[in-house]
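Starting off with a structure, shown below.
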Amino acid sequence: MLEELKQKVYEANMMLPKYHLVTFTWGNVSGVDRETGLFVIKPSGVPYEELRPEDMVVVDFDGNKVEGDLNPSTDTPTHAYLYKCWDNIGGVIHTHSSYATSWAQAGRGIPCYGTTHADYFYGEIPCLRTLTGEEINEGYEKNTGVLIVSEFARLKKDNIAVPGALCKNHGPFAWGRDPMEAVHNAVVMEEVAKMAYRAELINPKAAPAPQELQDKHYYRKHGANAYYGQIKRTK
């Protein structure tokens with residue numbers, strides 16, 4: 001079942017150690033099949049060097065295992081809730097990458113200090129509130145997804161323009177049109193988290209990049225008038 005998607009999700013998960021986003025088993029990537037209403041996710045606690053495509057687990061939007069010999073990631077309910085609420089995404093990733101997680105532990109969003117950030121994330125990458133005791137004790141993983149979706153609505157954040165967030169005292173989540181784009185966005189988030197940290201070390205009074213510069217860099221890559229990259233020519 002969903003063998004092609006299993007392969008894609010496996011390959012996306014294998015990018016995490018390659019780009020130094022995970023230590024041990026601290027991360028997971030999933031990918032969704034909208035036609036079946038199912039998604040594929042990494043199994044829980046399996047070292048990356050031992051993973052195989054056939055180890056990927058198929059689950060439904062309620063987090064129920066549909067196929068697989070192994071247990072799905074403990075973060076499965078978070079992924080499921082994001083897919084259920086946001087039908088414009090096809091891949092989700094969660095890691096504990098060190099720089100992005102440091103901002104999350106500090107309870108701060110990542111400011112847009114420069115054009116590298118603006119190329120991929122439109123404005124600050126938000127740090128969301130800590131879950132309440134009740135939310136933690138009653139459905140922690142699902143409530144993490146509920147928090148992300150509800151806070152994006154409250155903050156009026158576009159989940160495509162800002163394809164990731166920090167959960168306070170926890171770590172980063174990111175998403176994209178497919179599993180590989182989700183990984184790409186997580187890699188970018190980690191890099192801009194590192195750059196922002198260093199910028200504040202060099203200049204504690206650093207200010208976000210001018211809005212005009214942020215707009216220029218984001219919209220030259222995204223939207224109807226984007227002109228970055230090669231034009232696709234038709235015969």
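The values are calculated or read from the model by the stated rules, or taken from the named source; none is laboratory data. Note that the structure is predicted; figures quoted are calculated from it, not measured. Backbone-built Cβ (ideal geometry, glycine too); neighbour counts: all protein chains shown. In case anyone asks, the SASA skips ligands and DNA or RNA and just uses the protein heavy atoms, side chains included. Shrake-Rupley method; radii C 1.70, N 1.55, O 1.52, S 1.80 Å.
First measure r as the distance between the Cβ atoms of residue 169 and residue 221, then evaluate 1/(1 + (r/R0)^6) with R0 = 30 Å and state the FRET efficiency to the nearest 0.05.
Details: r = 32 Å, r/R0 = 1.07.
About 0.40, to the nearest 0.05.
Three principal axis extents, largest first, for the C-alpha atoms of the range 65-129, in Å?
Taking max minus min along each principal axis of the Cα atoms, the range 65-129 gives 45, 26, 21 Å.
With a 1.4 Å probe and every protein chain kept in, tell me what percent of the accessible surface of the range 146-235 is carbon plus sulfur.
55 percent
Quick one: net charge of residue 163's neighbours, Cβ under 13 Å, K/R +1, D/E -1?
Taking every Cβ under 13 Å from that of residue 163, the sum is -1.
From Cα pairs below 8 angstrom and at least 6 apart in sequence, can you work out the relative contact order of the chain, rounded to a whole percent? Write down the numbers at each step before the final one.
Working: 443 pairs, mean separation 49.4, N = 235.
Once normalised by length, the contact order is 21 percent.
Measuring with a 1.4 Å probe in the full set of protein chains, what accessible area per residue, in whole Å², belongs to the chain? Each step should come with its number before you reach the end.
Values: 12280 Å² over 235 residues.
Ligands and nucleic acids excluded, the result is 52 Å² per residue.
Calculate, for residue 88 and residue 49, the FRET efficiency according to 1/(1 + (r/R0)^6) with r their C-beta to C-beta distance and R0 41 Å; round to the nearest 0.05. Intermediate values should be presented prior to the final figure.
Values: r = 34 Å, r/R0 = 0.82.
After rounding, the FRET efficiency stands at 0.75.
Mind checking the dipole of the chain: about its Cα centre, +1 per Lys or Arg Cβ, -1 per Asp or Glu Cβ, Debye to the nearest 20? The partial results should precede the final answer.
Working: 25 positive and 30 negative charges, 228 e Å.
It works out to roughly 1100 debye.
Separate question: Pulled fully out, how much extra length does the chain show between residue 60 and residue 35, if you take 0.36 nm times their separation in residues and subtract their Cα-Cα distance? Spell out each step's value before the answer.
Details: separation 25, 0.36 × 25 = 9.00 nm, distance 1.18 nm.
Gain in length upon complete extension: 7.8 nm.
Which of 24, 51, 2 sits closest to the plus end of the dipole of the range 1-80, meaning its Cα is farthest towards the positive end, when Lys and Arg get +1 and Asp and Glu get -1 on the C-beta?
About the Cα centre, the residue reaching furthest to the positive side is 24.
Given all pairs of different Cα atoms, what value in angstroms does the Kirkwood hydrodynamic radius of the range 18-100 take?
Working: mean 1/r = 0.0768 Å⁻¹.
Kirkwood radius, the range 18-100: 13.0 Å.
Remind me, relative contact order of the range 4-117 in percent, using alpha carbon pairs under 8 angstrom and six or more residues apart?
On the way: 172 pairs, mean separation 29.5, N = 114.
The value is 26 percent.
Over the Cα atoms of the chain, what is the Rg over Rh ratio if Rh follows Kirkwood? Don't jump to the answer; show the numbers that get you there.
Details: Rg = 17.7 Å, Rh = 18.2 Å.
Rg divided by Rh gives 0.97.
Just grab the label-to-label distance for residue 18 and residue 69, each label 7 Å out from Cα along the Cβ direction, in nm (one decimal).
With each label point 7 Å from Cα toward Cβ, the separation is 2.6 nm.
So how long is each side of the range 124-170 along the principal axes, counting just the alpha-carbon atoms, biggest first, in Å?
Computed over the Cα atoms, the extents are 32, 17, 14 Å.
Pairs 18/157; 156/194; 84/216: which are spaced more than 28 Å apart, C-alpha to C-alpha? Display every interim value, and only then the final one.
Numbers: 18/157 30 Å; 156/194 26 Å; 84/216 33 Å.
The answer is 18/157; 84/216.
Can you compute the modelled spin-label distance between residue 197 and residue 160, with each label point 7 Å from Cα toward Cβ, in nm?
A separation of 3.2 nm, rounded to one decimal place.
For the range 72-199, what ratio Rg/Rh do Cα atoms give with a Kirkwood hydrodynamic radius? Display every interim value, and only then the final one.
On the way: Rg = 13.4 Å, Rh = 14.3 Å.
My calculation of the ratio gives 0.94.
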